[in-house]
1. State the percent of C-alpha pairs, over all pairs in the stretch B:110-167, separated by a distance greater than 14 angstrom.
2. If each Cα of the stretch B:240-391 is one equal point scatterer, what is log10 of I(q)/I(0) from the Debye formula at q = 0.09 Å⁻¹?
3. Treating only the Cβ atoms of Lys and Arg (+1) and Asp and Glu (-1) as charged, compute the dipole magnitude of chain A about its Cα centre; round to the nearest 20 debye.
4. As a test of understanding, state the convex hull volume per residue of the stretch A:127-231 from its alpha carbons, in Å³.
5. Taking N as the number of residues in chain B, what is its Cα Rg relative to 2.2 N^0.38 Å?
6. Would you mind checking the tilt of helix A:279-288 against the longest principal axis of the Cα atoms of chain A, expressed as 0 to 90 degrees and rounded to 10?
7. Please average, across the residues of A:286-299, the number of beta carbons from any other chain that are within 10 Å of each residue's own beta carbon, and give a whole number.
8. How much length is gained on full extension from B:Ser147 to B:Ala363, taking 0.36 nm per residue of separation minus their Cα-Cα distance?
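Read the figures in this text as sums done on the coordinates, not as results from a lab. Every value quoted in this text rests on a predicted model; they were computed, and no experiment measured them. We place every Cβ from the backbone using ideal geometry, glycine too, and count neighbours over all the protein chains shown.
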Amino acid sequence: MFKRSLALLLVVMMVAGLFIGCGGNTEEPAAPADNTPAETTEPAAETPEPTEAPAEQVLYWNIGAEPKTIDPGLNAAVDGGHVINNMFEGLMRELNGTLEPAMAESYTVSDDGMVYTFTLRDAKWSDGKTVTAQDFEWAWNRVLAPETASEYSWIFDAANVDTFQALDDKTFEVTLKAPTPYFLGLTAFYTFFPVRQESVEAGADGAWAIDPAKSIVNGPFMLDSYVGGDRLELVPNPEYWQADKVKLERIVGVMIVEASTALTAYEGGTLDVLATVPTEEISRLIAEDPTFYILPMDGTYYYAFNVEAAPLDDVNVRKALSLAIDRQAICDTVTKAGQIPALNIVAPTSYDADGNLFSDQLGSVGLQATAAVEDAQQALADAGYPNGEGFPTLELMYNTSEGHKVIAEAIQEMWKKNLNIDVALTNQEWAVFQDTRKQGSFQVARAGWIGDYSDPMTYLDMFTSTNIGATNYSRWVNEDYDKLLEDAKTAPGQERFNMLYDAGKLVEEAYINLPIYYYTNTIMVADKVHDWEMNTRSTWWFGFAYIE
Amino acid sequence: METKMTNKWERLELKAAESEAVRKSLTYWQDAWRRLKKNVLSMVGLGIIILLMLFAAFGNFFTEWSFSDQDLDMSNLPPTLDTFDIGDGTLVYVHKEYTLYLVEEDGAKLTKLPIEDKNVMKKYNGYTVDGKTVVIDYSLAAKAKQSGDADAPKFQLIIDDQSFTVPTGQVYNKVYVLGTDRLGRDMLARLIYGARISLLIAFIATAVQFFIGVLYGGISGYIGGTVDNIMMRIVDIIATVPLLLYVILLMVVIGPGLKTICIALGSVYWVNMARIVRGQILSIKEQEYVLAARTIGASTWRIMVRHLIPNALGPIIVSLAMMIPNAIFTEAFLSFIGLGVNAPMASWGTLANDAVPGLRSYAYQLMLPSILISLTVLAFNFLGDGLRDALDPRLRK
């Protein structure tokens, strides 16, 4: 009985398979015949050959890993930021290193620096409707609403935004809690970009943003097609307020994760723009490829110590670990892209009110570019582990990536050699790793922070006790620190910076993190691409780019 | 012969050659070994396997380095160094990164020289060696790339105003016989260590599949009926879950590492073995000697372990020999996609993976582990092939 039913099942499956097979065969030849608009993107998806027609205005760009989202309100990652920056535009934008009005035509600031009034220009969304102040109000409220679960909603707090409202269709007023010099710059940041209510409500959790039928944008490019894990294609937005200046006819953004594969594609001419290159190739590229650029970047690569996990709850242990690594050697022989050894967490990109470089002025507590071996050993002995005796095996965790691995291996050996400490390396996938880090179930974890605005606050704000489980991976609590940062938000001028210096010192003396280097950005842009932009937040903008 | 025929009564000497050929009776295994020996490819395979095991076990006597020793100054040095003679027999080596190394004692001593004059804009690095000014001018690299000519010089070495583009000699790197990787670790030491890990994983996975697979298949085949049906459907279900999915899940639950890979491979790979053994047992259990054993009251366990499995051993051994390269390859593949053993441990797969980003500049780092992986897989396949022929009674001559 069983056998017979099994046989019957098999027959049914085979017959079904036959039909499925036939169905596929009959449909395929029919498709090109009735050329429906939805299928016009198909031919473009074939092997790109940009070299054939020299003046073809198509840009082939490697985005890297598929962005988690390209919804401005939800995005928290660099890769998504690149795409968003080309599709949406905020009140202001950064072009050639200067901030200029974008959706806003002009703005006024009250005398006390607390109230910003933006007057919007006659810009249109890609569906032809006007960009209004209400769109901004709705978009900002959406980010702040708890049910949106935006990972970046805290940035409104960091920007000291108190209230905001649309006075009329063209006037948008923002009131701050205290004068905040970097607020204006932040309006060019994706979390502050406008989105359209109808569009967002058409697809939950950012699904609208990757659906060309639902996505409504106000930037230079709009979404033409999106194939998850493979590519997305952008075409010019005809309603963009400077549409006449947009020369590219198409941007093909491919998602090649492997850096060496992407480099091969670039050198073979199938990619025009590349953002990551394998570290092994950097020396060669510096020497022989004039299209290889190393740009400064506002960011710090560091390791976070979990201060709740023994033996890292002892400040001397953390101090020993931090002093024992040779940052210069890592920059020179491991990362190789001109990175600067980091002696504190604040990247050297922002200045205080007196015009001093904040990072330099903050200095370091005993950290040197090269390893301070004797001090490190002394600190370890102070902690009760002379010459590393009795020190348990330490676990160092990083997210799966060649670049992180090689740095971790170098540091593992430095700790072994200088402190006689055994370290186990573990790696986790990015998504899992982020959760692990937030939950604090690690001893030492890799981390990196790219400044969101040009102010030391973007770094120091990470370590407040309210940010435990978000950006304070070390789970460090210091009430004085919290108070200093809270007070700094409303303090004026240099007084504010003095508070930030004090706060910075507190972080350093606690050795809650181990700064390794300040990022640089290694990019490759083919000769034929002109007028490309990479702003100080290291985000691409191809609005005025063209190919020649 | 003729002389002997004169006396017909003389006793003839017993000559072995003229007597009727009496062969010593050979057991199954002796016969198999005899036939295996005749198979040249299998013996080559066996030889390679023995060599690899010796390499893994005793190789580290040939290198003074440990697999984890780093010297960041010595990163990415190849096995053979193209040297320039800067006069008085002083040899220098220009690294692919356009830094200068002093080569002494015919390659037995290497020193990275400190850069004295570094100019990134004009693309040169200046040194002083033995009182002479040595400049590596790598501005040619960009032109060489533009020309598209692979042989165009990428740098020139200017020694006291004399320019050299072609190396004057070549010495073997006697400090690091097979070169170093990107962190300045000895490739030979890492390959030896990798051999240990790769072979260890292969043997653990094989042992696990031997015990689980043989017992599972044996029980299923011998008991038969509903038990067989249920057990084989379980096997079918396990076989349908893709290995990769399985491994990634285990990585998340247990955490990556040697243990996880062994568990993952061991828990999936036995299903083939179970099927093979079951098939064998199904036919063997109908034999008279099994019936005889049963008649005299032998327990099921005894019949299985003493009668059934030994008689199915031929196909089992063949499948084991074939499974070892499979396990090595799977491990290499898992390591290659980043699901392998933890650093600084290295298997051949992780070594190959580490080398991929630098493929264009330092191809030897990828070649060495790849050759070893291919060689091992090939050797085990040759051996497995020969074993199949040797252990199959139907092919007996």
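1. Working: 965 of 1653 pairs.
The proportion of pairs with Cα distances above 14 Å equals 58 percent.
2. -0.43
3. Working: 34 positive and 82 negative charges, 202 e Å.
So the magnitude is around 960 debye.
4. Numbers: hull volume 13.0 nm³, N = 105.
So the per-residue Cα hull volume is 124 Å³.
5. 1.45
6. The helix A:279-288 is inclined about 80 degrees to chain A.
7. 3
8. Values: separation 216, 0.36 × 216 = 77.76 nm, distance 2.24 nm.
75.5 nm is the gain from fully extending B:Ser147 to B:Ala363.
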